[in-house]
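In what follows, a structure is listed as structure tokens, so that the remarks can point back to it.
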Amino acid sequence: MGLNCPAQAASYGTPTIGLSASYLSGAVGATGDPVVTVTVGQSGAGASALTVAASASTKSSVAGTGDVVVSGSGASRQLSVAAHARGYTDLTIKVTGLGGKTATKTLHYAASAAVHNAADTRYFTGSSDASAAVDVGGGYVVVADDESNTLRMYDRSASGAPVKTWDFSSQLGVSKEIDIEGAARVGNTIYWTGSLGNNKDGEYKADRNTVFTTTVSGSGASTQLALGGSYKKLRDDLVAWDHANGDRYGFTAATASGQVPKQIDGFNVEGLEFAPGSTSTAYVGFRAPLVPPKTGGKALIVPVTNFDKVVGSGAKAVMGTPIELDLGGLSIRDIRKNAADQYLIVAGSWAADDNSDPYAVYSWDGVAGHAPVKRADLPTSDPGGWEAVVDVPDLNQAGARAQFITDDGSADLYGDGTEAKDLTHPEWKKSRATWFTVTN
């Protein structure tokens, strides 16, 4: 007579759980917020048998248990959060395995307030101080930061961290921030310029007087950048040129020790683009001064007619006839053109604290003496200042849209009085990229 032996109970280990990021930033009402990958496993069990859930462990009014969505199956799951209010909360992410065993991780979550055009807005994280941007094709953009020398590449259609980064500081021989503010692309060469002005305390910092190039290879997600040439005397050349022409724009006084750059008669470069049909003459656009200095009125562009040789071989800059543009009392924050020599200008205040000051978009044909045309106002109730236009669509096409990016460095994104540039965790730092219609 045989014996009936009970089956041996299965032995399961304690589940494991990992998060692709411990800190996550979202926005109220956002579309396509960043997601976190949750990696799970358990010895003795298939990953598909494990369940992943989340609960709010601190401030559920920001985002609660029902606001977390976990998708996917197997060892890798995707977690997204829909915020209800601005602020911070910690979310407990729990995996439950076979045998009832569990493991948890904490996700630190921060939500910024709802903004205009939420459906057309994406958030580029890892930095809050976007200052210049260049399209590299395939839906990707390289963005500069005026608080560091790191260039970051993002997917233009998605919120989240950069897909690639480059920092050429050591190769350029700089140890402090260049204060990158302007960029322009010609073929496979991208030109980048520092602000050229004193710092916010009115002190001269040599690294800010840096212009350099990067060479682009590949496109889209496969883009690579390599350092090209550099030049560190453009500020000196501009000041000498203005002095030789009777100090018309006050560059000598504006660059003196103790003079801050962001004043109506200051010295501060924020735009760079090439003249119509040219690969040698660059338009250097100024945030300050407005002209005439002290009383103000028009925005200033100084053409540098041998810009390719300035950066390529260290030639002394040669200046052309300056251009003064009526931008409704605003100055140049960025300037960009397309292959048809249609320009868009982001116009904003010369002032230092400009989060609530007006911004507007103008079109222009790049010809001195031709007036720019106002296309749209940009919202000013949202945090941050508009600093960059990625590329220029066909301005003859009805309903054409362009993507603009903010510098949110001085913005209180999460309602705790902390400026974004001072946030401890890079994942919570972000700049906003929004599409706007620029033609009727």
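So the values come out like this:
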| item | result |
| --- | --- |
| Histogram of C-alpha separations across the stretch 99-229, 10 Å bin width, % | 11, 37, 28, 16, 5, 2, 1 |
| Charge-dipole axis of the chain as Lys and Arg at +1 and Asp and Glu at -1 on Cβ define it, positive-most pick from Ala226, Leu395, Ser131 | Ala226 |
| Values of log10 I(q)/I(0), in the order q = 0.12, 0.14 Å⁻¹, for the stretch 206-347 under a Debye, Cα-only, solvent-free model | -0.51, -0.69 |
| Bins of 20 Å from zero: percent of alpha-carbon pairs in the chain | 25, 49, 19, 5, 1, 0 |
| Convex hull of Cα atoms in the stretch 397-440, direction-averaged projection (nm²) | 3.8 |
| Along principal axes, Cα extents of the stretch 69-174, largest first, whole Å | 58, 36, 28 |
| Rounded accessible area of Val28 (nearest 10 Å², 1.4 Å probe) | 30 |
| Estimated dipole of the stretch 166-305 in Debye, rounded to 20 [Cβ of Lys and Arg +1, of Asp and Glu -1, Cα centre] | 140 |
| Candidates Ala56, Ala244, Ala388: whichever shows maximal mean-square fluctuation once the chain is modelled as a Gaussian network with Cα springs under 10 Å | Ala244 |
| Rounded Å value of the spacing that divides the Cα centres of the stretch 268-298 and the stretch 56-100 | 49 |
| Cα centroid separation - the stretch 157-212 against the stretch 384-403, whole Å | 23 |
| Full-extension gain in nm, Asp236 to Ser80, via 0.36 nm per residue minus C-alpha separation | 51.1 nm |
| Where only C-alpha atoms are counted, convex hull volume of the stretch 288-418 per residue in Å³ | 147 |
| Test item: Cα-centred dipole of the stretch 1-108, Lys/Arg +1 and Asp/Glu -1 on Cβ, debye | 120 |
| Burial ranking of peptide ranges 179-185, 274-280 (average Cβ count within 10 Å, highest at the top) | 179-185, 274-280 |
| Separation of the Ser61 and Asn338 label points, Cα + 7 Å toward Cβ, nm | 4.7 |
| The chain: angle of helix 234-244 to the longest principal axis, Cα-based, in degrees nearest 10 | 20 |
| Residue-averaged 222 nm ellipticity for the chain, from DSSP H runs of 4+ at -39500 (n - 2.57), nearest 500 | -1500 deg cm²/dmol |
| Orientation-averaged projected area, Cα convex hull of the stretch 1-127 (nm²) | 9.3 |
| Diffusion constant of the stretch 267-328 at 20 °C, which comes from Stokes-Einstein with the Kirkwood Cα-pair radius and 1.002 mPa s, µm²/s | 177 |
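The values are calculated or read from the model by the stated rules, or taken from the named source; none is laboratory data. In this text, all values refer to a predicted model and were calculated from it rather than measured experimentally. Glycine also receives a Cβ, built like all others from the backbone with ideal geometry; neighbour counts cover every protein chain displayed. Just so you know, the surface numbers come from the protein's heavy atoms only, side chains and all, with ligands and any DNA or RNA stripped out. Shrake-Rupley method; radii C 1.70, N 1.55, O 1.52, S 1.80 Å.
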